[in-house]
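See below for the structure under consideration.
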Amino acid sequence: MVKTRSSLEAAGLKQRTANISERVKKIVVSPIKEMRILAEKVPGAISFGQGMPYVDTSPEIKEKLVAALKTKDISKYSTSPGLPELRQKLAERVMKKRGLQGILPENILVTVGAMEGLGAAVMTLINPGDEVIVVTPGFSSHIEQILLAGGKPVFVPLIEEKGWALDVDAFKKAITKKTKAILLCNPSNPTGTVYSKEDLQEIEHLVVKHDIILILDEPYDFLLYDNAEFYSPASNPALKNNLIACFSFSKEFAMTGYRIGYVYADSGIINQMMKVHDAFCICAARISQEAALAALSISDEFTKDLVKKLDYNRRLVMKWLDKMPELFEYQVPKGAYYIFPRYKTSNPKLKSMNSFNFCLKLLYEAKVETVPGAAFGPAGENHIRMSFGAKPEELEEGMKRLKKWGDNLIQ
Ligand SMILES: Cc1ncc(COP(=O)(O)O)c(C=O)c1O
């Protein structure tokens, strides 16, 4: 049975330890990406792994990008925080999205995806030993970023029976003198929860009361189902000095490969984060900044259509899971494109199987890629994360394989 947090190590990947820093030895490549690397070597594997929408970037964005390549000199670095025109447009976008006023380009940092924004936020805030409260199940990369910065992730479990809702009392209890920040992704990766406004406002009170920073990760703010209501603490002006909000072009515009995102925060924080950003990347790729400018100019029909397609996929996956009540139970996702079913350890065949072993077995025996729930903190154990961003016909085939494999396993 596998004990490591790493599926690659579990699969025998050699890891040198001599000359390697303690900081790096402590972390793993996020199991989401690890499973992708392993699955790439399994011909014909179907991916419910890394979250990528199957649709291509809008042709309109591509055409505008090609025109920019022809008419502008985009072979040069931009300044570190990003193209002035893009920062201006992003400031306007945050004001519109969150109903705010007075946001300036100085409040925006253009980053290499939301991921780099989150990494820069954590590196900017955390001293060794500082605590950062994260939910579990919560996005696996948050955990690695906090560890890399020398911080301590403090896990607050979500309430599974309530659709993976926030446990505000548990947050209150988790805050100590060492708490530097709370890091929260909404809608949630991996559970698909859209957190309630009431619970989020309670978190806001805690942040202000203890004068800590709320790092928000909101790449799925557009991706909602069943008329779910999305609320962002970034829309509360009272929080503006205690907030770092990270956004992405990856999902909303189907631009995961462009690696482009942005951060909104107080300009004093942005200027500190810029040091980290400059040290690691100089600036976000200029070509991707141009693509982001193009994305901001298209109509919202592209995104509306994407949401419809992903909702279709969500229903398809739930329909199949409903056919496997002996194997799985799940909470209905209301946002993002993930579902986080629990496999039933009441079944003797599954009783002692941890989620790494479950997912590796599923990959190698049925050629279906998923992500072990334990990658998302302790409350993720005995679950698997399934992304439903792939093509419907692939999902259909993958679910068929999963059912056949599961039926054999538990009989
Ligand atoms: C919760 C969350 N945050 C951040 C990211 C990274 O986004 P980006 O591609 O903008 O770096 C992802 C990607 O899957 C994600 O799910």
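The values are calculated or read from the model by the stated rules, or taken from the named source; none is laboratory data. Please read all numbers here as calculations on a predicted model, not as lab measurements. Here the Cβ is made from the backbone with ideal geometry for all residues, glycine too, and neighbour counts use every protein chain on show. Heavy atoms of the whole protein, side chains included, go into the accessibility calculation; ligands, DNA and RNA do not. Shrake-Rupley method; radii C 1.70, N 1.55, O 1.52, S 1.80 Å.
A compact table of results
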read-out	value
Set Val194, Val208: member being open to solvent by 30 Å² or more (accessible area, probe 1.4 Å) and either more than 28 Å from Tyr330 (Cβ to Cβ) or in contact with a strand residue (DSSP E or B) (Cβ under 7 Å, 6 or more places away or on another chain) (or both)	Val208
Criterion (surrounded by fewer than 16 Cβ atoms within 10 Å (Cβ to Cβ), more than 18 Å from Pro187 (Cα to Cα) and not assigned by TED's automatic domain parsing to the domain that holds Ala254) met by exactly one of Glu397, Glu393, Glu369, Glu381	Glu393
Filter result for Lys89 (in contact (Cβ under 8 Å) with a residue 60 or more places away in the chain, away from the ligand (no atom under 15 Å from the Cβ) and among the basic types (Lys, Arg))	yes
Within segment 254-279, tally of residues that are surrounded by fewer than 17 Cβ atoms within 10 Å (Cβ to Cβ) and either closer than 15 Å to Ala114 by Cβ or near the ligand (Cβ under 9 Å from one of its atoms) (or both)	1
Residue in segment 344-367 that is of a type in the set (D, E, K, R) and within 16 Å of the ligand (Cβ to nearest atom) present	no
In segment 105-143, the residues that are assigned to a helix (DSSP H, G or I), away from the ligand (no atom under 11 Å from the Cβ) and either closer than 21 Å to Trp164 by Cβ or not assigned by TED's automatic domain parsing to the domain that holds Leu90 (or both)	Ile143
Contacts under 6 angstrom Cβ, first residue in segment 322-351 being over 24 Å from Lys309 (Cα atoms), partner surrounded by 17 or more Cβ atoms within 10 Å (Cβ to Cβ) and small (Gly, Ala, Ser), 6 or more apart	Leu327/Gly406
Helices (runs of 4 or more DSSP H) enclosed by segment 5-76 - at least 3 residues per element that are away from the ligand (no atom under 16 Å from the Cβ) and within 30 Å of Ser297 (Cα to Cα)	59-71
